[in-house]
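One structure is given below, encoded as structure tokens.
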Amino acid sequence: MNRGGYTIIELIIVIAIVLILTASVLAGTGSLTRSLRFNNSFDKLILLVQQARSLAEANKDSSIKSYGVRFEWDPTTSAVIFSENQTGIITDEMNSKLTLAGGTQLKIFSTQNCTPNATIRFSAGSADASLRCEGVAIPNVALLTLGIRDTATANKTKTFSIHRVGGIPQINMN
């Protein structure tokens, strides 16, 4: 008598196909997530520089000398907005620290070989920038290029440049 149902073999084949499709979808979301984190880190770096520039231009407080962004290489790569008062005391701005996503590495380029630390400083009431590479003989530079590299896919790099005059980040298309 024929009941018209499925055999156990047919059910196993269907389950195997579903598992293979699920595994391939999950494998693809890992690289998508990594790519989104990488792009997000780059956008946040540019946003920090633009925010520091805007704070400096709009500054009405005579006690503030400058605003800037400090790029640091500590156990993690980070960037933070700071303000400097007239006596030279530097204060990190609240909630402005950006730690780059895992697998993302900051690179700093200039006419000189920088260590991974650099500072971009905007004078209060002005858009002009002071660019400084740490650990070199002549630390003040006219052009600073910052880039991030995805360490998982070494060929993926994004950079932006900042010139001393104007201090507007210019995105370099790679």
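Computed quantities for the displayed model
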quantity	calculated
Count of segment 120-132 residues which are modelled with pLDDT of 75 or more and either of a type in the set (D, E, K, R) or under 26 Å from T33 (Cα atoms) (or both)	2
Any chance T91 is in contact with a Leu (Cβ under 8 Å, 6 or more places away or on another chain) and modelled with pLDDT of 80 or more	no
Any hit, segment 102-119, residues being of a type in the set (S, T, N, Q) and at pLDDT 75 or above	yes
Within segment 26-56, tally of residues that are among the β-branched types (V, I, T) and under 12 Å from G68 (Cβ atoms)	1
One residue from G167, G135 being modelled with pLDDT under 70 and open to solvent by 20 Å² or more (accessible area, probe 1.4 Å)	G135
Residue list for segment 19-42, restricted to those being open to solvent by 80 Å² or more (accessible area, probe 1.4 Å) and farther than 30 Å from T159 by Cβ	L19, I20, L21, V25, L26
Every residue from segment 76-90 that is under 27 Å from N40 (Cα atoms) and small (G, A, S)	S78, A79, S83
Qualifying positions in segment 45-61 - modelled with pLDDT of 80 or more and open to solvent by 90 Å² or more (accessible area, probe 1.4 Å)	L47
Those residues of segment 9-68 which are outside any helix (DSSP H, G or I) and under 23 Å from the mean Cα position of the chain (by Cα), in sequence order	S66, Y67, G68
Complete set of residues in segment 62-84 that are loosely packed, with under 14 Cβ neighbours inside 10 Å and either touching a His at 6+ places or on another chain (Cβ under 7 Å) or at pLDDT 80 or above (or both)	S62, S63
Close pairs (9 angstrom Cβ cut-off, 6 or more residues apart or separate chains): within 28 Å of D150 (Cβ to Cβ) in segment 10-31, open to solvent by 60 Å² or more (accessible area, probe 1.4 Å) and not in a helix (DSSP H, G or I) anywhere	S31/A152
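The values are calculated or read from the model by the stated rules, or taken from the named source; none is laboratory data. For clarity, every value in this text was computed on a predicted model and none was experimentally measured. Cβ coordinates were reconstructed from backbone atoms using ideal geometry, including for glycine residues, and neighbour counts include every protein chain displayed. Each accessible area value is taken on the protein alone, full model and side chains, heavy atoms only, with ligands, DNA and RNA left out. Shrake-Rupley method; radii C 1.70, N 1.55, O 1.52, S 1.80 Å.
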